[in-house]
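Below: the structure, in C-alpha cells.
A short reminder: the numbers here are calculations on the coordinates, not readings from a lab. All of these numbers come straight from a predicted model, not from anything done at the bench. Positions of Cβ are backbone-derived with ideal geometry, glycine not excepted, and every protein chain shown enters the neighbour counts.
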Ligand SMILES: C[S@@+](CC[C@H](N)C(=O)[O-])C[C@H]1O[C@@H](n2cnc3c(N)ncnc32)[C@H](O)[C@@H]1O
C-alpha cells in the first residue's frame, strides 16, 4: 500500500479518525502496560495519538520513539507530541534500530502493511531487550466490522469488478483471521497471545461528515487503482450516508467493531 498517497486523506481526517479509534488506542495501551522509565518503540505511529499516550505512561525517566514510513504523517506528528519523543521516517520492516534498545514495541493498526511480516517481526525482535515485549492491535474479520464490510458492499453495488484484496497482502483486513500473524511472530522469536475484543466506535460527527470521512479514507483505499466516475462516487456517498444514518443510536453514530489484541514476548 502506498502510504505517501494515503497520507493526505489520512491527515485530512486525522482528528475524526483519532476520536473514532480512541477505544482501540485505549485497549492497546492497557495491553502494553507501559511502566515509568521504559523505552518504547511505536510502529506505524501515524499522526501520533499513541505516542502521546506512551510518553505519558513512561514519564520523564522513560523514552518514546515513533517510526512511520510516510514523511507527511511524521511531520504532522512532530507538531503534536512532546519534544522528547524521537520520530523516524523509515520502513520498520528493515530499519536498523539500535539492538536491544527498547523494553516494549507497540503498534496501533500498524503491523498489517508489511511486505514480509515475519522479516519485520524478526527486525523488531532485535530491537527489544532480552525478555522485551510487543503489543499490537489489528482489525478482526470484515464480518464483525461493518465499518469496513458495508463500504465494500456499497462499492460492489456501484462499481463493477473491483477485485477483493489478495490473501495475506498489506491491507487493513489482512489479519482478520489472525493465524498468519501468530505464525509470523512465532517464526521470528516471539511467544504470542491473541485476544479478540469487541469495541464500539463512535465517530464524533453527523452522518454526512462520517460518510465523507469514509469516502476520504476507506473508499479511497478500497478503490486504489480503479477508474471511477463522479456519478459512481456520488452514488457511493449517498449509500454511505444512509448506512451512517441507520447506525445512529440516541443521536450518535455507533459502529460495532472487533479487533485482535496481540501481546508477545521475545524468547
Ligand atoms: C492504519 S495507520 C495507523 C496509524 C496510527 N498508529 C494510528 O493509530 O492512528 C497505519 C500506519 O502505518 C504506517 N506504515 C505502513 N507501513 C509501514 C512500514 N513498513 N513501516 C513503518 N510504518 C508503516 C502508515 O504510514 C500509517 O501511518
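A few remarks follow.
- Taken over the alpha carbons of segment 120-223 as equal point scatterers, the Debye sum produces base-10 log I(q)/I(0) values at 0.20, 0.22 Å⁻¹ of -1.10, -1.22.
- Ranked by how many other Cβ atoms sit within 10 Å of their own Cβ, fewest first, the residues 68, 245 fall in the order 245, 68.
- Label-reachable residues, segment 114-146, where backbone N falls under 13 Å from a point 7 Å from residue 183's Cα toward its Cβ: 117-118
- Förster radius 30 Å - calculated FRET efficiency between residue 4 and residue 169, Cβ distance, rounded to 0.05: 0.95
- Between residue 149 and residue 227, full extension at 0.36 nm per residue minus the direct alpha carbon distance yields a gain of 26.0 nm.
- Spin-label model, residue 22/residue 94: points 7 Å from Cα along the beta carbon direction are separated by 3.9 nm.
- The chain: most fluctuating residue of 72, 141, 60 per GNM, C-alpha cutoff 10 Å: 60
- Segment 145-159 and segment 32-81 have Cα centres spaced 33 Å apart.
- When you count the other C-beta atoms within 10 angstrom of each residue and take the mean per peptide, 113-126, 91-104, 36-49 line up highest first as 36-49, 113-126, 91-104.
- Helices in the chain, meaning DSSP H runs of at least 4 residues, each add -39500 (n - 2.57). Divided by all residues, the mean residue ellipticity at 222 nm is -11500 deg cm²/dmol.
- Per the Kirkwood formula applied to alpha carbons, segment 3-266 shows a radius of gyration over Rh ratio, Rg over Rh, of 0.97.
- Centre-to-centre separation between the Cα atoms of segment 177-230 and those of segment 94-138: 20 Å.
- The value of relative contact order for segment 3-266, using C-alpha pairs under 8 Å at least six residues apart, is 22 percent.
- Counting neighbouring Cβ atoms within 10 Å and putting the fewest first, the residues 158, 265 line up as 265, 158.
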